[in-house]
1. Provide the per-residue ³J(HN,Hα) series for the stretch 46-59, in order, calculated from phi with Karplus coefficients 6.51, -1.76, 1.60 and θ = phi - 60°, each as a whole number of Hz, with x at glycine and proline positions.
2. Under a point-charge model restricted to the Cβ atoms of Lys and Arg (+1) and Asp and Glu (-1), what is the dipole moment magnitude of the chain relative to its Cα centre, in debye to the nearest 20?
3. Multiply the residue separation of ASN164 and ASN268 by 0.36 nm, subtract the distance between their alpha-carbon atoms, and state the gained length in nm to one decimal.
4. Sorted by average packing, counted as other Cβ atoms within 10 angstrom per residue and highest first, what order do 307-315, 156-164 take?
5. Tabulate in residue order the Karplus-calculated ³J(HN,Hα) for the stretch 63-80, using 6.51 cos²θ - 1.76 cosθ + 1.60 with θ = phi - 60°, rounded to whole Hz; enter x for Gly and Pro.
6. What list of ³J(HN,Hα) couplings, whole Hz, do you get for the stretch 179-184 from phi and the Karplus terms 6.51, -1.76, 1.60, once you set θ to phi - 60° and write x for glycine and proline?
7. Computed over the Cα atoms, what is the radius of gyration of the stretch 26-166 divided by 2.2 N^0.38 Å, N being its residue count?
8. List, in the order given, every pair from LYS53/LYS128; LYS128/LYS261; LYS172/LYS365 whose Cα-Cα distance in the structure shown is over 22 Å.
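Bear in mind these aren't lab numbers, they're just calculated from the coordinates by the rules spelled out. If you're wondering where the values come from, they're calculated on a predicted model, not measured in any experiment. With ideal geometry, Cβ positions are generated from the backbone for all residues, glycine too; neighbour counts draw on all protein chains shown.
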Amino acid sequence: MKNLLLFSLLFLGLLFFSGLNPLLAQTVNAAKVCDLPAELSETSGLIKIGPNKFVSHNDSGNEPILFVFDSSGLIQRRIKISNAQNVDWEDLTMDSKGNVYIGDFGNNNSDRTNLRIYVVASPNTYTKDSTIAGITNFTYSDQKAFPPAVAYQNFDMESFFWFNDSLYLFSKNRTNPYSGYTKCYRLPARSGTFVAQLIDSFYTGSGGYLNYSVTGGAAFANGNKIALLGYDKVWLFSGFNGNRFFKGTANTLAFPNLSQKEALWFENTNTLWYTQETSALGTAGLFRFNLPNLTPSGLIELQKKYYKIYPNPAEHILCVEVHDDIAEPAMLLDILNLEGRLVLKDEIEPQVINKLNISNLAKGKYFVRINGILAGSFLK
């Protein structure tokens, strides 16, 4: 990845689609609030239950414990869920009454038949350091095999949130070849046995798994906003109707670093928190960031500097060149139509004139994406 990460920080023009609207990534800088102690090195969920009071947990194979901690990283309480097992706890969310939901739905191999969500009262109400949870057992409406073929293994969940009396779950795509879609499911926010209904999907991108996986989610109901977290970015959706999150205004916010970001929480309409797990990419910590002014300023100028796409309009052959400063040994090119549908995929070489046969494309406008970055557009 010689120059791609550096260029991503400068350019941040990743192209995705929600309906007809392309998403243009912008920078977002997070401030590290504190390191998390070794007890929370595998932090995988986050909520805020009061001034300077956060809740998290560890993921698969750890004790079924909720940790209450402050912004210095000091653990204040440990609350054990006595009737629960931490098969693979992956996220936390909280409803408007303060009830806390724990997602035991990590499912790396898409083969689990014991998916659960535990619900407990707010840790602020406990006098003891243990409690019993209500349990939601569930399956997915579109899963028929355990596991399905690898090309359809998109049933691992690492993120969910409560929104308007329901729970919404978002998949961490593990398909091979990588399809680049996160699926959104809806569940009732109560104990019982249910089938999670698939209601929508969103194309995060077809590049590297680390760059397009959804690892956390949060909602700010009063501001009609939701956000999905990745290892190096946040996908933000606003202005939607009902639960059609992906049909509203969408923006991609890119962090200047790749790390194992795992959990996200909305403080208010413009402020979010996240935690990251200890890994080779960094140590466990709590971070805070504000949403930027969401405008695509400078995008066209940067496209012109680093990419050449011509002629425009093009009839039969489209020429593509990539500037030496951002050249990579392997470069993947996608051409997408106005609906965000992939219509041509090819490998290109840096520092040469790549000639692509576009004779079979219909008349219209197209977008060119190279290694996940919006390089420009053309007419045919």
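1. Calculated HN-Hα couplings, in order: 7, 9, 10, 10, x, x, 6, 9, 10, 10, 8, 8, 9, 8 Hz.
2. Charge dipole of the chain: 880 debye, to the nearest 20.
3. Numbers: separation 104, 0.36 × 104 = 37.44 nm, distance 1.65 nm.
This chain segment gains 35.8 nm when fully extended.
4. 156-164, 307-315
5. Residue by residue, the stretch 63-80 yields 5, x, 10, 9, 9, 9, 9, 10, 6, 9, x, 7, 6, 9, 8, 10, 10, 8 Hz.
6. So the J values, rounded to whole Hz, are 7, x, 10, 9, 9, 10.
7. 1.11
8. Values: LYS53/LYS128 18 Å; LYS128/LYS261 31 Å; LYS172/LYS365 31 Å.
From the list (LYS53/LYS128; LYS128/LYS261; LYS172/LYS365), the Cα-Cα distance tops 22 Å for LYS128/LYS261; LYS172/LYS365.
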